[in-house]
Amino acid sequence: MSDATTKYWDRAQRYLLSGQKMAARIALESLLQRNQVHVPSMLALHAIALEDGRVQAATTLALTAVNHMQDDPVMIVDVVDALLQVGETVVARDALDHDALARVNDVAMLARLAKLRRILGDHEGSLALLNRADAAGMNSPEFRFDRAHALIFNGHLQEGEAELEASLRLRPLDGMTTLSLARVRKQTAERNHLDRLRLQLQQVASGGDDEAILLFALYKELEDLGRHDEAWNALERANATMYARQDHDPDYAWHLFNGLIERCTPEFLQPAEVVHEGPQPIFIIGMPRSGTTLMERVISNHSQVTSAGELYDFGMQLRWAADNQSILDECVVERLPGLDYVDIGRRYLSRTQWRARGARFFVDKMPRNWMLAGMIHRALPQARILSMVRDPMDVCFSNFRTWVMGESFPWNYDLQALAAHYLQYRKVLAHWHATMPGVIHDVSYSELVRDPETTTRKALAFCGLEWEPGCVDITSNKAVVATLSAAQVREPIHQRFFQEWRHYEKQLQSLYEAVAL
């Protein structure tokens with residue numbers, strides 16, 4: 001690095017450390033005018049652009065950085081990280097195949113590469129890298145935790161449970177590890193973690209994340225044992241603790257979705273007369289905990305369908321087109337009429353076709369795409385959309401009792417906020433059905449588990465696929481499952497998860513009154 005480059009780089013670093021973002025941006029842009037191949041400056045400007053909501057600029061910087069990577073594993077990994085933040089999955093995947101990364105033996109770098117593979121959806125490759133790090137002696141609690149989930153996602157449940165125990169021995173009060181252990185199997189009177197859980201709760205800080213997550217674990221184990229009064233007390237405390245930590249405004253959400261509905265008229269939602277070639281997506285949408293993973297397993301059992309997992313790609317391309325920090329907010333809703341939906345569709349397909357692996361269709365199972373279904377149809381008129389529909393109380397209670405990524409689902413932790421979110425979901429779906437008749441096929445969760453063949457036949461016919469008897473045998477599907485349902489969907493289809501909320505009917509009366517049809 002020349003003296004001039006070093007001077008500007010050091011100055012930019014000082015500005016960044018002192019929070020002077022605009023001054024840092026000017027220094028970095030000046031540096032690139034003098035040294036157009038300085039990748040660290042590109043990545044720093046990429047981060048600033050993303051923070052400012054200039055997604056297109058951030059994308060250009062990340063793609064430019066790829067052309068100037070050296071055989072430096074750290075630099076390559078930094079560039080891949082930047083690419084994934086803007087949804088450039090194909091370029092990121094190619095960069096991860098760089099020869100320099102194949103020679104990496106450093107355990108910390110192997111763990112970082114495993115994380116990037118996981119983000120890309122390559123869970124088999126992620127586990128292989130973690131196994132290499134394990135063989136090389138890596139033994140931190142974070143590493144054991146990550147390897148445990150990689151094992152569970154790949155179907156190795158018992159090995160994953162043992163790895164979680166190993167992680168907990170290194171970090172005995174960790175809430176996430178404890179909750180994962182409670183979830184990995186049904187607890188029994190003879191084999192559970194109740195004594196350990198109560199001891200952990202005595203030692204963690206009151207009102208913190210670990211206390212809340214440990215309370216969710218305590219609820220789950222007491223629920224498994226049928227001790228419902230104690231279970232509710234733990235669940236109520238867990239949700240109250242979490243909701244107190246959220247910044248959630250149900251009124252803003254109503255304003256946002258009402259604005260979305262107002263913009264998305266039948267005329268607006270008419271797609272262009274365009275035919276996108278190549279493998280086509282089957283979108284599976286719905287409330288979380290509505291059976292989307294089960295539907296994915298069934299559909300992807302078909303010989304002409306493969307599962308791509310939970311993809312952020314459509315939202316990422318909508319965000320890119322709107323040049324906005326968020327996938328869906330007031331700014332995006334305002335900009336919807338001016339977006340090029342044919343281009344959004346092309347960009348989405350160019351970044352996802354590789355996931356089909358030669359099949360005619362690939363399943364894109366991102367439940368929250370129910371918010372974007374109208375834009376999906378306008379951008380991808382050949383795509384099929386399956387919407388999972390589950391009993392309101394069953395799906396709402398299943399969300400209320402589930403800790404999911406803290407701030408990602410803030411409405412989960414309060415009954416009235418949860419009811420409002422469910423009603424918003426129902427209103428938006430009703431709008432899609434009214435404005436795009438026949439575009440979305442509803443799949444009833446109760447009908448799917450009670451009469452799998454009939455329900456699956458209808459879903460396949462909607463997708464333009466012939467019936468294949470093996471579809472409903474989900475135990476034969478050995479594909480990766482990287483969701484909360486990773487353990488459940490390894491079992492045959494069953495009817496156990498109906499009206500579990502009835503154990504807490506009195507406590508849930510306000511929710512029932514708000515959402516019951």
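The values are calculated or read from the model by the stated rules, or taken from the named source; none is laboratory data. All values reported here derive from a predicted model rather than from experimental measurement. So basically every Cβ, Gly included, is an ideal-geometry build from the backbone, and we count neighbours across all protein chains shown. Areas reflect the complete protein model, heavy atoms only, side chains present, ligands, DNA and RNA absent. Shrake-Rupley method; radii C 1.70, N 1.55, O 1.52, S 1.80 Å.
Below are the figures for this structure:
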quantity: Those helices (runs of 4 or more DSSP H) lying entirely in the range 52-148 with at least 3 residues modelled with pLDDT of 95 or more and hydroxyl-bearing (Ser, Thr, Tyr); calculated: 55-66
quantity: Only one of Val275, Val363 that is in contact with a Pro (Cβ under 9 Å, 6 or more places away or on another chain) and either modelled with pLDDT of 95 or more or charged (D, E, K, R) (or both); calculated: Val363
quantity: Extreme residue, surrounded by the most Cβ atoms within 10 Å (Cβ to Cβ), among residues of the range 318-348 that are under 30 Å from Asn301 (Cα atoms) and under 19 Å from the mean Cα position of the chain (by Cα); calculated: Tyr348
quantity: Residue ranges of helices (runs of 4 or more DSSP H) in the range 360-468 with at least 3 members closer than 23 Å to His248 by Cβ; calculated: 392-400, 415-435
quantity: Complete set of residues in the range 211-244 that are open to solvent by 60 Å² or more (accessible area, probe 1.4 Å) and either free of Cβ contacts under 8 Å to residues at least 40 places away in the same chain or on the phi > 0 side of the Ramachandran plot (or both); calculated: Arg227, Asp229, Glu230, Asn233, Arg237, Ala244
quantity: Residue among Leu201, Leu214, Leu173, Leu218 that is farther than 30 Å from Met371 by Cα, in a loop (DSSP other than H, G, I, E, B), of a type in the set (A, V, I, L, M, F, W, C) and in contact with a helix residue (DSSP H, G or I) (Cβ under 9 Å, 6 or more places away or on another chain); calculated: Leu173
quantity: Pair list, Cβ under 6 Å, 6 or more apart: the range 466-481 residue closer than 10 Å to Glu453 by Cα and crowded, with 17+ Cβ neighbours inside 10 Å, other residue modelled with pLDDT of 65 or more and charged (D, E, K, R); calculated: Val472/Glu453
quantity: Helices (runs of 4 or more DSSP H) lying entirely in the range 258-347 (those with 1 or more residues that are within 30 Å of Asp394 (Cα to Cα)); calculated: 292-299, 313-322
quantity: Filter result for Leu168 (open to solvent by less than 20 Å² (accessible area, probe 1.4 Å), under 24 Å from Leu83 (Cα atoms) and modelled with pLDDT of 95 or more); calculated: no
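This table checks each residue for (1) surrounded by fewer than 18 Cβ atoms within 10 Å (Cβ to Cβ); (2) closer than 23 Å to Met69 by Cβ; (3) among the hydroxyl-bearing types (Ser, Thr, Tyr).
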| position | (1), (2), (3) |
| --- | --- |
| Gly121 | no, yes, no |
| Ser140 | yes, no, yes |
| Arg144 | no, no, no |
| Arg147 | no, no, no |
| Glu159 | yes, no, no |
